[in-house]
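See structure below.
The values are calculated or read from the model by the stated rules, or taken from the named source; none is laboratory data. In this text the structure is predicted, and so the values were computed from the model without any measurement. Cβ atoms come from the backbone with ideal geometry, glycine included; neighbour counts cover every protein chain shown. The area values use the complete protein model at the heavy-atom level, side chains included, leaving out ligands, DNA and RNA. Shrake-Rupley method; radii C 1.70, N 1.55, O 1.52, S 1.80 Å.
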Amino acid sequence: MLTNLGRQMFLRSGPVVKSIADPLIGLVPPSIRFGGGTYDRWSRIAVMNPGHEQAATVKRSELLMEVLSSALLGSEFYKPYQHLAPRITWQSVYETLKGLPIISRDELSQRPERMISTKFADVDLASTSGSSGKPVRFYLPKNRRSAEWAFMVTAWNQACGYALGDWRALMRGLEFKDSKPWRVSNAFSELRLSPFHMTPENLLLFQRLIAARSIRYLHGYPSAIDTLARSVIAARDPHKLSASIKAVLLISQPVTPDQRQAIAEAFPSARIVVQYGLTERIAFALERMDEPGVYDVNPMYSTIEILDDRDRPVAAGQRGRIIGTSHINTAAPIIRYDSGDTATVISVDGDWPSCRYVLADIRPRREDSSVVGRDGRQADTAALNLHSTEFSKVAEYQFVQMAPGVVKLLLVPVERSAAAVMPAVAEQFAAKLGNSFELSFEVRDEVIIPKSGKRRLVIDKDELTAK
């Protein structure tokens, strides 16, 4: 992991190689493990404030200019606009941005390879499903992780004192064996705990593992950490986590008042840090201390526009769509992407589209729901998204709760020939769900659309048979 190439090789290696290399990589200083000079560069950028520093304003324009130039000169999608490339300067970059189209989720996903502006070997195929269960595919640069970590660690450090390399207990949608619902990553300083195996017995085990490593930071889905918190309360905190946990870092889902209350009760010494971001990497924001639901958007990570239904910028007090342009993706630039999320503008500083926002009441496109196992535990659909080659052949998917612990997966392939890989997709979902679920699957031409016309990722068996 001493070089970018070494890090990429480790991340793409198989489980056997990782198990051998991981303890050795854990001995490498965090500053090198997480990206070395690249991490340092983005860390310096992450702390800049364009509202108060001229250097930050210039750097932000330069980052956007690099993204736009890469797209206009190298991307098939932006070929009709390549005549704009010679005119871009850091002073005119926002005017150029306004001249480019807003991209919908469907447009991004139809032929994502059109966005690539570099060698194919320099990008990774990624996907996100959204509330409808319709996967959106796109490409991200392979070297993105150093930038991502720089922004996250900078935000966490400012919010709760987290330092690069501090150990975290991570609860998010990774794949685990039923026989061992946890594992250790020395490379990333993570104790990884399965959100799919949160039985009463495993929750007590998780508490013991966290205490044994003297972990002070919990990181993951609010639904998973809420479940852990309730277990700590019910068990009367046998390992004194209430005093040792310094911060709870929440990602990927909205946080409900009940979840906040349970987490605060279980870990009263902890700062609750809520992060807003998207898989497409077009926005990064952190909730303000003591102002639940109010977010400061980091303008160095991306250029955000909050627009109404007629693509006009909204004023403070108004609600609009979150449109984003990533600054860290120059390999397959995603420019003016309509995330599907909406927010209310609390304050806006500067002129559109270079303005900086404080947002509230962010409503994500994903309406989180869950399927229920035979033991009563819930598996949240936010953790069930896949990123495999087989999953890229899925046009839409949907879960049908047939009974507690019995789930049918409806799969719509992108084309008829892709039906052959649907069993592999079902196996991957089954592996994530674990042995509390009996999963069957069905290949269909379309998912079930309820009478309301609003697609849902989880439906019940009555809605299935009604069709």
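Of all the listed residues (SER223, SER231, SER252), the sole one being hydroxyl-bearing (Ser, Thr, Tyr) and outside any helix (DSSP H, G or I) is SER252. In region 76-89, the residue that is modelled with the highest pLDDT out of those that are over 19 Å from GLU280 (Cα atoms) and buried (at least 16 other Cβ atoms within 10 Å of the Cβ) is TYR81. Scanning region 170-183 for residues that are small (Gly, Ala, Ser) and within 17 Å of the chain's Cα centre (by Cα) yields a single hit, GLY173. Listed here are the strands (runs of 3 or more DSSP E) enclosed by region 275-386 that have at least 2 residues being hydroxyl-bearing (Ser, Thr, Tyr) and surrounded by fewer than 23 Cβ atoms within 10 Å (Cβ to Cβ): 337-349. Residues that are open to solvent by 60 Å² or more (accessible area, probe 1.4 Å), in contact with a helix residue (DSSP H, G or I) (Cβ under 6 Å, 6 or more places away or on another chain) and touching a residue at least 24 places away in the same chain (Cβ under 8 Å): does region 48-70 have at least one? No.
The residue list LEU286, LEU278 contains one member that is closer than 27 Å to ILE102 by Cβ, among the hydrophobic types (A, V, I, L, M, F, W, C), in contact (Cβ under 8 Å) with a residue 60 or more places away in the chain and touching a Pro at 6+ places or on another chain (Cβ under 9 Å), which is LEU278. Number of residues in region 407-433 that are closer than 27 Å to LEU193 by Cα, of a type outside the set (Phe, Trp, Tyr) and either open to solvent by 10 Å² or more (accessible area, probe 1.4 Å) or assigned to a helix (DSSP H, G or I) (or both): the value is 11.
Of the set (1) touching an Asp or Glu at 6+ places or on another chain (Cβ under 7 Å); (2) without any contact (Cβ under 8 Å) to a residue 12 or more places away in the chain, all apply to LYS119 but (1).
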